[in-house]
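Notes follow once the structure below has been shown.
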Amino acid sequence: MKKFFLFLFLLGTFGASAQTMSSEEQAAAIQQLTEEVNALKAKESAWDKVIKALPKISGYVMARYTYNGDESTFRLRRVRLTFSGDIAPKLDYKLQAELSSFKLLDAYFNYKPFEQFKVKVGQFKVPFSIENTEYSPTKIILIDHPMGMQRLMGFDEKIGDATQKNTGRELGINFHGSVLNKALSYDLGVFNGAGLNTTDNNKSKDVVGRLIFAPVKGLRISGSYYWGEFSKEFYARERWTVGAVYDNGPLIVRSEYIAGTTGFEDAEIDSDGWYALAGWRFCDGKWSVAARYDTFSENTDVEDLDQTNYTAGVAWKPLKHFRLQLNYQHEDRGAKGHRNCVMVQATASF
């Protein structure tokens with residue numbers, strides 16, 4: 001568009017003076033004008049290539065206040081910085097770091113020769129469940145992920161003597177794509193299973209598979225399976241989940257069931273849980289309300305370890321890149337009794 005207006009301006013200037021020129025002078029002026037326009041096009045084209053090659057820089061800051069009877073504190077929940085871009089028409093990349101307590105989260109490239117077959121290599125979100133990959137911290141309608149996801153997919157996961165806090169990410173390779181006009185998508189990944197930025201601590205590799213069926217707009221039905229062995233003791237780490245989400249327009253309804261077997265030094269325990277969430281967006285998406293029932297059994301053989309959370313929340317987005325969230329959560333912690341929790345979170349992104 002800029003080149004078009006520039007051309008009109010030069011053409012108008014030439015037209016105003018053309019009446020006093022001879023035919024030879026007019027031909028020379030037209031030649032000069034053409035050369036100048038072509039030179040400007042070449043400069044702009046070269047600059048466009050430079051701009052396109054630069055990475056896209058984005059990020060966000062999440063500040064939270066929590067009160068639950070045991071603590072009353074402010075904290076920087078997340079401080080993320082992301083670089084992403086295209087290396088070639090069918091090859092992109094992403095680098096993302098957590099700056100509040102520095103750790104490299106995402107570092108991968110994604111080769112996309114066909115819609116039906118793509119390859120992602122590096123460190124990234126494990127393609128397990130809907131919640132882990134489809135609802136990032138800036139997108140989830142409530143402040144925290146459900147307990148099952150936190151305790152069985154590396155957010156706050158106990159395996160043997162270790163506690164995994166890898167934000168649902170691992171280092172490995174994932175083959176993925178979609179068929180039937182994107183109605184069916186798949187993932188098949190192989191990972192170290194040892195945590196963020198870590199070489200494998202045994203000779204076993206973790207394997208994950210997922211299918212997502214999307215028959216109509218907004219509706220996705222998912223099933224995932226994860227098998228792995230952790231640490232030099234080869235502790236079992238097996239998980240599976242099924243779930244569905246309808247997210248279209250103002251309405252969001254989401255539910256998943258997750259279960260797993262986790263190895264320890266002298267035993268294996270079975271865990272399971274499920275959640276159901278319903279939310280509504282209004283005022284052109286500036287406001288949203290949601291409620292969630294979330295229950296989790298750390299050990300299905302010990303009822304005293306069961307916990308059920310009832311969460312209600314409201315979110316307000318007065319600006320495009322700023323959101324405020326307020327959550328109230330009642331926790332039924334079995335033998336540990338009941339607890340009320342209030343969380344306020346502010347997110348600013350760029």
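The values are calculated or read from the model by the stated rules, or taken from the named source; none is laboratory data. In this text, all values refer to a predicted model and were calculated from it rather than measured experimentally. Here the Cβ is made from the backbone with ideal geometry for all residues, glycine too, and neighbour counts use every protein chain on show.
Flag: Arg333 does not match the condition of being under 21 Å from the mean Cα position of the chain (by Cα) and more than 21 Å from Trp227 (Cβ to Cβ).
For the range 225-260, taking the residues that are charged (D, E, K, R), surrounded by fewer than 22 Cβ atoms within 10 Å (Cβ to Cβ) and assigned to a strand (DSSP E or B), the one that is modelled with the lowest pLDDT is identified as Glu229. What residue, of Ser222, Ser204, is within 30 Å of Lys182 (Cβ to Cβ), touching a residue at least 24 places away in the same chain (Cβ under 8 Å) and in the same structural domain as Lys165 (by TED's automatic domain parsing)? On inspection, the qualifying residue turns out to be Ser222.
When we screen Gly218, Gly195 for residues that are over 27 Å from Val253 (Cβ atoms) and either of a type outside the set (Val, Ile, Thr) or out of contact with any strand residue (DSSP E or B) (no Cβ under 9 Å at 6 or more places or on another chain) (or both), the only hit is Gly195. Would you check if Ile258 is in contact (Cβ under 8 Å) with a residue 40 or more places away in the chain and hydrophobic (A, V, I, L, M, F, W, C)? Yes; evaluated as a whole, the condition is true for this residue. Filtering the range 295-350 to residues that are surrounded by fewer than 20 Cβ atoms within 10 Å (Cβ to Cβ) and of a type in the set (Phe, Trp, Tyr) leaves Tyr310, Trp316, Phe322, Tyr328, Phe350. Just to be sure before I move on: is Gly122 among the small types (Gly, Ala, Ser) and in contact with a Ser or Thr (Cβ under 8 Å, 6 or more places away or on another chain) in the structure I sent? Judged against the criteria, Gly122 is not a match. The set of residues in the range 330-347 being in contact (Cβ under 8 Å) with a residue 24 or more places away in the chain and either among the hydroxyl-bearing types (Ser, Thr, Tyr) or within 19 Å of His145 (Cα to Cα) (or both) consists of Glu331, Asp332, Arg333, Arg339, Asn340, Cys341, Val342, Met343, Val344, Gln345, Ala346, Thr347. Out of curiosity, is Ile143 in the same structural domain as Gly249 (by TED's automatic domain parsing), under 21 Å from Gln345 (Cβ atoms) and either modelled with pLDDT of 95 or more or touching a Phe, Trp or Tyr at 6+ places or on another chain (Cβ under 6 Å) (or both)? Spelling it out, Ile143 is indeed in the same structural domain as Gly249 (by TED's automatic domain parsing), under 21 Å from Gln345 (Cβ atoms) and either modelled with pLDDT of 95 or more or touching a Phe, Trp or Tyr at 6+ places or on another chain (Cβ under 6 Å) (or both).
The condition of being buried (at least 22 other Cβ atoms within 10 Å of the Cβ), more than 25 Å from Gly263 (Cα to Cα) and of a type in the set (Gly, Ala, Ser) holds for only one of Ser185, Ser222, Ser136, that being Ser222. Within the range 287-309, the set of residues being closer than 27 Å to Ala348 by Cα and of a type in the set (Phe, Trp, Tyr) comprises just one member, Trp287. Residues that are farther than 17 Å from Trp227 by Cβ and hydroxyl-bearing (Ser, Thr, Tyr) were ranked within the range 148-193; the one that is modelled with the lowest pLDDT is Thr163.
The range 296-350 holds no strands (runs of 3 or more DSSP E) entirely within its bounds that carry 3 or more residues that are closer than 30 Å to Val79 by Cα, modelled with pLDDT under 95 and assigned by TED's automatic domain parsing to the domain that holds Gly148.
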